[in-house]
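Worksheet: one structure, shown below.
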Amino acid sequence: MEKLWKFTDNQGTFESPAADKIKSLYFPLCNEALMSSVSADLHGDIKSGQSSFLLEPASRASLISSRASRNFWVRINNEKIWSATGVSKNLKQIKEDRFNLEAGLLWHKITRENKNVGLKSEILSFIPASGEPVELMQVRLTNTCARKIKFIPTAAIPMYARGAGNIRDHRHVTSLLQRITPHKFGVISKPTLSFDELGHKPNKNYYFVLGWDGQGRPPQYLYPTQEVFCGEAGDLESPEAIFENKAPGKANIQGKEPMGGLRFREKSLAPGKSCFYIVAMGITENSAEIAGIIKKFKSPEKVKSSLEENKRFWLGKANAAKIHTGNKDFDNWLKWVAIQPHLRKVFGCSFLPDFDYGKGGRGWRDLWQDCLGLILSGAKEARALLVNNFSGVRLDGSNATIIGTKPGEFIADRNDIPRVWMDHGAWPLLATEFYMDKAKDAGILFEKAGYFSDQHIFRSRKVSRRWKPCKYKGTVLEHLILQNLVQFYNVGPHNHIRLEGADWNDGLDMAYECGESVAFSCMYASNLKKLAQFIRRSGRKEINLFAEIKVLFEPCDYNSIKAKKERLERYFIRVENGASGKAVSVESSFLIRDLESKAGWISEHIRKKEWLPEGFFNGYYDNKKKRVEGKVGGRLRMMLASQAFAIMSGVAQDWQARRIIANVKKYLFDKRLKGYRLNTDFGGEQHNLGRAFSFVYGEKENGAIFSHMVVMYAYALLLRGFRKEAGEALESLYRLSADSQRSRIYPCLPEYFNSEGRGMYPYLTGSASWFLFVCQNPFFCYNKSS
């Protein structure tokens with residue numbers, strides 16, 4: 001296969017003549033109101049949330065297997081039938097098509113030309129940056145033959161119009177809820193209920209597919225249900241309405257699967273001439289908004305104006321990071337990486353076809369990592385956003401895990417499973433530190449934020465029946481101290497911080513009782529030291545803290561696991577029902593000494609206990625209290641995260657860092673793909689550590705080239721002065737992404753690369769923010785000649 005795509009300008013635009021050969025490829029479209037995915041043959045979906053999908057929810061697998069797509073049929077001279085999108089049972093004609101894709105920030109255009117039918121189609125797709133809840137699909141048909149052509153065009157959009165959960169559960173029952181209204185310009189369905197066995201709710205959404213020709217004229221007639229459009233013997237790839245030229249006739253349309261079937265008037269087109277058709281697909285709670293959408297996008301000129309506005313908007317986001325290396329391809333690729341934090345802000349982690357993270361929404365870690373990208377972009381709301389985010393912290397040092405769509409909206413968990421990730425307390429400090437350095441604004445530390453409270457207490461080990469919403473507000477600095485201080489005492493059998501539900505590697509989720517994360521113990525040591533620096537830099541002689549936290553500063557034998565656990569339990573009991581609201585003033589000099597002593601103890605403990613004779617650090621203990629890394633049963637086990645955080649935190653001394661670098665190269669660098677794997681092959685499942693090792697080796701958290709950790713490793717190396725090695729690590733991700741023959745993705749940074757070098761889970765990854773963050777480091781220098 002030739003290179004999948006190439007850039008065509010300096011604004012991130014690319015073209016791909018081969019995109020239709022990879023059915024699992026998809027492209028994001030969005031604004032704040034609507035989210036879409038679109039493939040080269042216009043499969044994919046459109047939604048505004050988990051409970052509101054206009055088109056059937058799409059997965060990587062269904063992009064290949066599903067017959068449901070945005071289609072546009074042309075019946076030529078009443079004898080030839082052509083799908084302008086390339087989705088038809090007539091495979092012979094599709095193979096005759098000459099295809100090309102052109103795409104940019106954030107718009108998508110496919111071109112198909114077929115000499116035997118004498119037509120070329122150009123289908124433009126985008127969601128307006130101006131905010132309307134609509135995806136626009138503009139079809140331009142051009143007569144490419146030497147004679148006049150007569151044809152009948154029909155837009156064919158199968159509507160789903162319900163929540164994602166009904167893709168299987170109650171699929172027929174929820175079709176009975178559909179209330180379909182034929183509209184002058186198309187089809188609108190407003191189901192009676194949002195169907196959920198936990199509690200049915202009246203539905204507020206209007207789902208619509210509307211269309212008009214280039215002169216603003218409506219369709220000649222409509223096929224408002226899939227039953228009417230497909231017939232009994234046909235389907236979406238060979239509908240009777242098209243192949244047998246059937247008019248819709250009279251039929252009962254209520255309680256059926258809705259269809260945006262829009263047949264336009266027969267058109268006569270002279271050689272070389274073109275005509276336009278515009279299809280508007282969307283979801284709104286305000287039916288009056290539909291008329292405004294029709295008016296705003298009624299002509300090709302208005303669509304063109306909206307497209308230019310859309311291009312300016314996303315290019316502004318891409319250019320805000322202000323990273324220019326002089327390497328044209330790298331700079332173009334970086335524009336796509338630069339918009340990824342914005343995409344994740346809209347899509348969360350779950351609303352593209354690789355919806356690995358379940359039901360939608362960003363998690364706590366995502367929130368803080370995405371902040372890096374927004375700060376880099378100079379977003380004006382960055383300060384307020386950061387302060388607001390701290391309102392998700394609980395008084396027990398844990399936090400809400402799911403971020404709502406509204407500012408300050410936090411949820412315990414998307415599935416109401418009380419789970420705690422031990423790394424969550426580490427990330428807010430890194431984002432805040434970056435903001436302070438970038439904005440020269442240390443004053444943010446003394447802004448006030450509330451605390452999150454719910455029935456889950458004692459780091460979700462207990463449930464309170466007496467809890468009340470926490471009304472107390474404390475400074476950002478207080479939140480940071482709390483998150484990191486609690487973890488100092490939250491230790492397991494080897495006096496390292498407990499792994500709990502998992503750390504950054506969500507796949508390490510089966511060691512709740514006895515698992516420990518040495519890797520993130522390193523990070524908490526670094527954070528405690530930084531907190532002392534923050535206080536020193538503030539110049540304040542005293543720091544106000546809520547009274548109950550003082551117990552965590554009382555003398556304690558750090559070497560005693562029992563003493564630490566008892567201290568933490570005492571604290572949890574004090575804040576079980578919230579904070580009293582009483583504040584105490586603590587001398588800054590005392591806080592600095594205390595925090596630095598705790599940081600120093602953790603660092604020395606790890607150096608003494610976890611440096612292995614193999615020349616790297618052990619990063620974990622499993623649920624049987626066994627050391628995870630090193631030589632185990634004759635097999636060498638090594639994890640990149642363990643080494644990245646040991647280096648980044650300063651726990652690894654310079655001589656240790658040099659040995660780690662050599663051994664990472666020896667054991668984790670894949671010479672064929674030229675990338676750094678997440679771990680060596682442990683040779684079997686690890687039920688006492690996590691699900692990750694039940695994945696096939698080389699996929700996802702089990703030994704893939706995981707972008708996030710490679711970037712973290714590069715950042716760690718850069719901090720410690722290993723500039724050449726840091727550049728090599730970062731460069732490896734770009735090379736893997738840009739090697740499109742292998743990666744099979746459009747320009748972006750994916751979550752990971754598998755053993756085939758294929759990029760997986762594109763667009764929605766926190767590693768994009770970190771990649772930009774590292775690129776902006778003054779010590780990073782991209783090799784322009786490479």
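The table that follows gives values for the structure above.
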read-out: Wholly within segment 81-175, strands (runs of 3 or more DSSP E) carrying at least 2 residues that are in contact with a Ser or Thr (Cβ under 6 Å, 6 or more places away or on another chain) and not β-branched (Val, Ile, Thr); value: 98-104, 107-114, 119-126, 134-143
read-out: Residue in segment 192-207 that is open to solvent by less than 20 Å² (accessible area, probe 1.4 Å) and within 30 Å of the chain's Cα centre (by Cα) present; value: yes
read-out: Residue count for segment 543-579, restricted to those that are farther than 15 Å from residue 479 by Cβ, open to solvent by 70 Å² or more (accessible area, probe 1.4 Å) and in contact (Cβ under 8 Å) with a residue 60 or more places away in the chain; value: 3
read-out: Tabulated pairs, segment 281-296, first among the basic types (Lys, Arg), second open to solvent by 70 Å² or more (accessible area, probe 1.4 Å), C-beta under 9 angstrom, 6+ apart or interchain; value: 295/302; 296/302
read-out: Extreme residue, most open to solvent (accessible area, probe 1.4 Å), among residues of segment 320-346 that are more than 20 Å from residue 738 (Cα to Cα), of a type outside the set (A, V, I, L, M) and assigned to a helix (DSSP H, G or I); value: 345
read-out: Every residue from segment 722-752 that is more than 28 Å from residue 19 (Cα to Cα) and in contact (Cβ under 8 Å) with a residue 40 or more places away in the chain; value: 722, 723, 725, 726, 727, 729
read-out: One residue from 65, 24, 52 being small (Gly, Ala, Ser) and in contact with a strand residue (DSSP E or B) (Cβ under 9 Å, 6 or more places away or on another chain); value: 52
read-out: Single unsatisfied condition, residue 371 versus (1) in a helix (DSSP H, G or I); (2) in contact with a strand residue (DSSP E or B) (Cβ under 9 Å, 6 or more places away or on another chain); (3) at pLDDT below 85; value: (2)
read-out: Matching option when the condition is assigned to a strand (DSSP E or B), more than 23 Å from residue 94 (Cα to Cα), open to solvent by less than 50 Å² (accessible area, probe 1.4 Å) and not polar (S, T, N, Q), among 253, 283; value: 283
read-out: Residue 555, sole failed condition from (1) under 15 Å from residue 486 (Cα atoms); (2) in contact with a helix residue (DSSP H, G or I) (Cβ under 9 Å, 6 or more places away or on another chain); value: (2)
read-out: Criterion: over 18 Å from residue 122 (Cα atoms) and either modelled with pLDDT of 95 or more or buried (at least 24 other Cβ atoms within 10 Å of the Cβ) (or both) - qualifying residue of 80, 6; value: 6
read-out: Subset of segment 627-659 (residues that are in contact with a Cys (Cβ under 9 Å, 6 or more places away or on another chain) and assigned to a loop (DSSP other than H, G, I, E, B)); value: 650, 651, 652
read-out: Segment 213-240 residues that are under 21 Å from residue 177 (Cα atoms), paired with ones that are charged (D, E, K, R) and not in a helix (DSSP H, G or I) (beta carbon under 6 Å, 6 or more apart); value: 225/256; 226/257; 227/256
read-out: Matching residues, segment 101-123, being under 19 Å from residue 746 (Cα atoms) and among the polar types (S, T, N, Q); value: 111
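Yes/no per residue for (1) open to solvent by 60 Å² or more (accessible area, probe 1.4 Å); (2) aliphatic (A, V, I, L, M); (3) in contact with a strand residue (DSSP E or B) (Cβ under 8 Å, 6 or more places away or on another chain):
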site	(1), (2), (3)
76	no, yes, yes
90	no, no, yes
98	yes, no, yes
101	no, yes, yes
107	no, no, yes
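The values are calculated or read from the model by the stated rules, or taken from the named source; none is laboratory data. A quick note: this is a predicted structure, and the numbers were derived from the prediction, not measured. Note that each Cβ is placed from the backbone with ideal geometry, even for glycine, and that neighbours are counted across all protein chains shown. Quick note on the areas: whole protein, heavy atoms, side chains included, nothing else; ligands and nucleic acids left out. Shrake-Rupley method; radii C 1.70, N 1.55, O 1.52, S 1.80 Å.
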